[in-house]
1. Express as a percent, rounded to the nearest 5, the fraction of DSSP beta bridges in the chain (both residues included) that run antiparallel.
2. Using modelled backbone amide H atoms (1.01 Å from N, in-plane), which distant-in-sequence or interchain residues come within less than 5 Å of Asp43's amide H?
3. Just the Cα atoms of the range 221-286: what Rg and Dmax do they give in Å?
4. What ranking do 189-196, 44-51 get when scored by the average of other Cβ atoms within 10 Å per residue, highest first?
5. Once Rh for the range 1-97 is found with the Kirkwood sum over Cα pairs, what is the Stokes-Einstein diffusion coefficient at 37 °C and 0.692 mPa s, in µm²/s?
6. Return one number: the angle in degrees, 0 to 90 and rounded to the nearest 10, between the long axis of the Cα atoms of helix 231-243 and the longest principal axis of the Cα atoms of the chain.
7. What Rg and what Dmax come out for the range 62-108 when only alpha-carbon atoms are used, in angstroms?
8. Which residues in the range 184-214 have a backbone N closer than 11 Å to a point placed 7 Å from the Cα of Glu232 along the Cα-to-Cβ line?
Amino acid sequence: MHDTPLIDLHTHTTASDGTFSPAALAQTAKTIGLSALALTDHDTIDGLVEFQETGRLLGLETIPGIEFAALWEKHHRPEIHIVGLGIDPHSPILLERMKDIRKSRDLRNRKMCEKLTSIGLHLSLEEVQANAGGEVITRAHFANVLLEKGYIRLRSDAFSRYISPGLPGYVEREFLSPALCIQTIKEAGGAAVLAHPTLYDLNPAQLEELVEELIPYGLDGIECFYSTYTPEQTRAISALAEKYHLLPSGGSDFHGKNKPDIHLGSGKGNLAIPYALWENLKKRTK
Ligand code: AMP
Ligand code: ZN
Ligand code: FE
Ligand code: FE
């Protein structure tokens with residue numbers, strides 16, 4: 001038992017690429033004794049209604065969130081992730097952005113079906129849709145269908161032969177700009193947090209450059225606690241947060257069975273995120 005109430009501010013469900021339903025996620029958080037839990041699915045708010053409804057029934061504080069993917073147009077143009085916490089799921093600007101993201105994915109999926117079919121791997125959008133079963137369609141579902149139809153023997157062959165950058169079945173995704181992601185989160189009343197900065201392959205100077213660019217857009221915080229950080233990384237990111245007056249956030253990035261070594265709340269066993277972090281971030285929400 002911990003004396004301090006603990007929380008988790010970064011998690012995924014079946015609404016994106018996790019394996020727990022939003023209700024099961026909230027139920028698990030309650031069972032392990034978390035005091036508050038954010039749901040931050042990739043580029044979608046589809047899980048939030050069920051998540052918040054379950055939270056209400058259980059008496060668990062639920063924080064509606066999202067994890068946006070953005071492209072930073074500097075250096076090697078890394079994909080960066082920006083978490084929004086305490087967003088209003090009914091915000092018209094947020095809903096508009098969700099529509100844009102769906103449209104752009106849809107166009108990309110059609111192009112990928114055409115490209116794959118043109119090299120003899122016949123698959124239709126309907127087949128990929130059926131495999132996704134209502135989830136946001138990603139390359140993971142293309143891989144599943146290629147395997148199902150016997151075009152490959154191993155699922156990983158899809159990525160090594162056909163649907164990774166530079167290969168003949170690949171079509172680039174469109175990304176939002178970091179500015180638009182942060183603006184959308186702010187306009188939806190949320191706090192904007194730079195997720196897991198250690199994963200972007202940036203050196204310390206480049207990471208500072210990124211942070212200096214994002215702060216004027218309204219960045220509120222940065223993930224100082226994260227499942228895969230070493231103690232040194234936790235210290236370095238915490239020092240960065242302090243230098244730029246960014247609020248510390250923290251989360252496990254729980255994905256259920258899709259990341260089996262990462263547990264809700266405790267990550268790889270090393271995480272303990274105090275409620276006080278959310279208390280401070282909450283003051284930045286509307
Ligand atoms: P997308 O966002 O459509 O580009 O697809 C990203 C998804 O594809 C990820 O969430 C993974 O599930 C899957 N994926 C990407 N690269 C690989 C890989 N090398 N091996 C297995 N799955 C991958
Ligand atoms: Zn994910
Ligand atoms: Fe992420
Ligand atoms: Fe994540």
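1. Details: 14 of 30 bridges.
Of all bridge pairs located within the chain, approximately 45 percent are antiparallel.
2. Long-range HN contacts for Asp43: Glu67, Phe68, Ala69.
3. 12.5, 37
4. Details: 189-196: 25.0, 44-51: 21.9.
The packing order, highest mean first, is 189-196, 44-51.
5. Working: Rh = 14.1 Å.
Value of D from the Cα-based Kirkwood radius: 233 µm²/s.
6. On a 0 to 90 degree scale, this one is about 70.
7. When restricted to Cα atoms, the range 62-108 yields Rg and Dmax of 12.8, 37 Å.
8. none
The values are calculated or read from the model by the stated rules, or taken from the named source; none is laboratory data. Given the structure is predicted, the values throughout are model-derived calculations rather than measurements. For neighbour counting, all protein chains shown are included, and Cβ atoms are generated from backbone atoms with ideal geometry for every residue, glycine included. SASA here: full protein model, heavy atoms, side chains in, ligands and nucleic acids out. Shrake-Rupley method; radii C 1.70, N 1.55, O 1.52, S 1.80 Å.
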